[in-house]
Amino acid sequence: MRRGAGFTQESLAEALGVDRSTVITWEAGSHAPMPHVRPRLAQLLERSPEELDELLSGRPKVVEFGRPDLDAVFSWLDRVAGWDRGTSRQKVGEGLADVLPRVAVGRAEVADRLARYYGNRGVFSAQVGSTEVLTSVVTRPEWLDLRCELSPTGDRLELSVGAEARWAMSERAALTATRRLVDAVVKGARLTDAPVYRLVEATPEAGVVRGQVEVASFFDYALTADLLERELADSPDELPLRDAWMPDLESVFDLRGRLCAGGALALFAAARPADPFRGEADYVLLVQERSSQVVNAAGRLAVIPKGFHGPLNDVRADSRIGATLRRELEEELFGRGDVDVTGGPMRAADLMHRDRLSAPMRWLSEDPARWRMECTGFGLNLVSGNHEFACLVVIEDEEFWQRFGGQIEANWESDGLRQYSSQDGESLEKLIADDSWSNEGVFAMVQGLRRLREIGGERVSVPPIEWRVG
């Protein structure tokens, strides 16, 4: 409808003063433009009123979204659901006609609903000063306070080659997946079938994280396991997908029997000198507000960096947790868009070669004493069954923030970036009590602060932090 006149969905919506989702419904054939919009629409598309009517009435039944990334996901869903080609595209188009605002469910309510379903055994909670935090992360005492340096000796995840794992795609699951895609279309979420690692074995312990990962399809995760969060939010009293795929804690811990995707997320802390206005020497701590365009933890608070554990173009070498964290630092904070796996195929042979590093990462790499990366804890998130490697990135050299602080900027995955001082315990306790955190985000935040309190000396003044495992 709009292409001949050179408009995108976004630019046409802006020109008409409507939402992008409205333009999508026109193209899907679900709704026609209101009478008062038609003259302006005809003018923009350089059509007469008669030509516009003909164009609108003669549009094809196949939905045209104008997003090449969706072609692949529609093909994937048609194949695994056993549908005729084009069925999922058509169902998503029909679903756009009935888009309703979704009620956001807070982190505490999500954790409470999952506790009612699975019980509290193994669930991570923490006391931060006077604030009590319950999460949806199940863990074990030996998986916490790991103090594991992400070095060749401590970071021991290894690649394994095995059969693909995929949950059965029932008709109900397939229809839930189409509703998930409706959300993606309306919000402009990025969906790319980049490879991710599925965890098949994990034996973390103090000082070392061992385990095995296999390569999996992101679509296999996004349109199966990731549907569990939507189901939990929409109908907490009726959970047929969870009943079928992850009905009890035994199935949660059965890593080889299911697709356990997930990732690494880290509290970022950079040393700063004393300042006459800010106060004593401290660490600046960064927290992000996740964009609606991301698949995971959209609209929630999280530590940064945060990313799915997956390879760039060396599936064996990239299996280490530290490889994902370095890449995510480059992408999410240091301004490198070329390592964004949602942008399409990787063409460079070595994206993390020294000659391609950002200035901040190159400076850090020149002297290992300037910074450290540690894994602080490990758990499995009951929301979608994801594995979560909570980490801490600490830059000890004050020169870093003085030199590069002005260049640090969040990428498209964040709607906002906040900074806190490690000396401001009152604000940090209030932050942790915020119900808009993702469960894995607050897990990593608590674990990171607990470790920073141990090693940060006089730079850190935060309330006592004690964890519990139910």
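The values are calculated or read from the model by the stated rules, or taken from the named source; none is laboratory data. Keep in mind that this is a model prediction, so the values were computed, not measured. Positions of Cβ are backbone-derived with ideal geometry, glycine not excepted, and every protein chain shown enters the neighbour counts. Calculation scope for accessible area: heavy atoms of the full protein, side chains included, ligands and nucleic acids excluded. Shrake-Rupley method; radii C 1.70, N 1.55, O 1.52, S 1.80 Å.
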Name the one entry in Glu330, Glu388 that is within 22 Å of Ser217 (Cα to Cα), open to solvent by less than 10 Å² (accessible area, probe 1.4 Å) and of a type in the set (Asp, Glu). Glu388
Please name all residue pairs, on different chains or six or more residues apart, with Cβ atoms under 9 Å, provided the first residue is in the range 374-395 and is under 19 Å from Leu134 (Cα atoms) and free of Cβ contacts under 8 Å to residues at least 60 places away in the same chain and the second residue is open to solvent by 10 Å² or more (accessible area, probe 1.4 Å) and not in a loop (DSSP other than H, G, I, E, B). none
So, in the range 288-307, of the ones that are hydrophobic (A, V, I, L, M, F, W, C), at negative phi and touching a helix residue (DSSP H, G or I) at 6+ places or on another chain (Cβ under 7 Å), which residue ends up surrounded by the fewest Cβ atoms within 10 Å (Cβ to Cβ)? Val295
Filter the range 152-168 down to the residues that are crowded, with 17+ Cβ neighbours inside 10 Å and modelled with pLDDT of 95 or more, then identify the one that is nearest to Val73 (Cα to Cα). Leu159
Scanning the range 200-221 for residues that are aliphatic (A, V, I, L, M), open to solvent by less than 40 Å² (accessible area, probe 1.4 Å) and more than 17 Å from the chain's Cα centre (by Cα), which turns out nearest to Val138 (Cα to Cα)? Ala202
Would you mention how many residues in the range 441-470 are in a helix (DSSP H, G or I) and either polar (S, T, N, Q) or open to solvent by 10 Å² or more (accessible area, probe 1.4 Å) (or both)? 9
Residues (touching a residue at least 60 places away in the same chain (Cβ under 8 Å) and open to solvent by 10 Å² or more (accessible area, probe 1.4 Å)) located in the range 240-254: Pro240, Ala244, Trp245, Asp248, Leu249, Phe253
Can you tell me which of Glu171, Glu132, Glu149 is at pLDDT 95 or above, farther than 18 Å from Gly441 by Cβ and of a type in the set (D, E, K, R)? Glu149
Do we have any residue at all in the range 407-415 that's hydrophobic (A, V, I, L, M, F, W, C), open to solvent by 50 Å² or more (accessible area, probe 1.4 Å) and assigned to a loop (DSSP other than H, G, I, E, B)? yes
Given the options Thr224, Thr192, name the one that is at pLDDT 90 or above, of a type in the set (Ser, Thr, Tyr) and either surrounded by 20 or more Cβ atoms within 10 Å (Cβ to Cβ) or within 19 Å of the chain's Cα centre (by Cα) (or both). Thr224
Contacts under 8 angstrom Cβ, first residue in the range 344-365 being among the basic types (Lys, Arg), partner modelled with pLDDT of 95 or more and in a helix (DSSP H, G or I), 6 or more apart: Arg354/Arg362; Arg354/Ser365
Checking Gly211 against (1) more than 30 Å from Glu458 (Cα to Cα); (2) free of Cβ contacts under 8 Å to residues at least 12 places away in the same chain, which single condition isn't satisfied? (2)
Looking only at helices (runs of 4 or more DSSP H) that lie completely in the range 1-114, which have at least 3 residues being over 24 Å from the mean Cα position of the chain (by Cα), polar (S, T, N, Q) and modelled with pLDDT under 70? none
Which residue out of Gly310, Gly322 is assigned to a loop (DSSP other than H, G, I, E, B) and open to solvent by less than 20 Å² (accessible area, probe 1.4 Å)? Gly310
Of the residues that make up the range 95-117, is at least one crowded, with 20+ Cβ neighbours inside 10 Å, free of Cβ contacts under 8 Å to residues at least 40 places away in the same chain and basic (Lys, Arg)? no
Show the residue pairs that are 6+ apart or on different chains and have beta-carbon atoms under 7 Å apart, the first residue being within the range 182-203 and within 23 Å of Asp318 (Cα to Cα), the second being of a type in the set (Gly, Ala, Ser) and modelled with pLDDT under 85. Leu191/Ala184; Arg198/Ala165; Val200/Gly162
Phe268 vs (1) open to solvent by 20 Å² or more (accessible area, probe 1.4 Å); (2) within 23 Å of the chain's Cα centre (by Cα): all pass except (1)
Criterion (out of contact with any helix residue (DSSP H, G or I) (no Cβ under 7 Å at 6 or more places or on another chain) and small (Gly, Ala, Ser)) met by exactly one of Ala281, Ala233: Ala233
When every residue in the range 126-138 that is hydroxyl-bearing (Ser, Thr, Tyr) and surrounded by fewer than 24 Cβ atoms within 10 Å (Cβ to Cβ) is compared, the one nearest to Ala323 (Cα to Cα) is Thr131
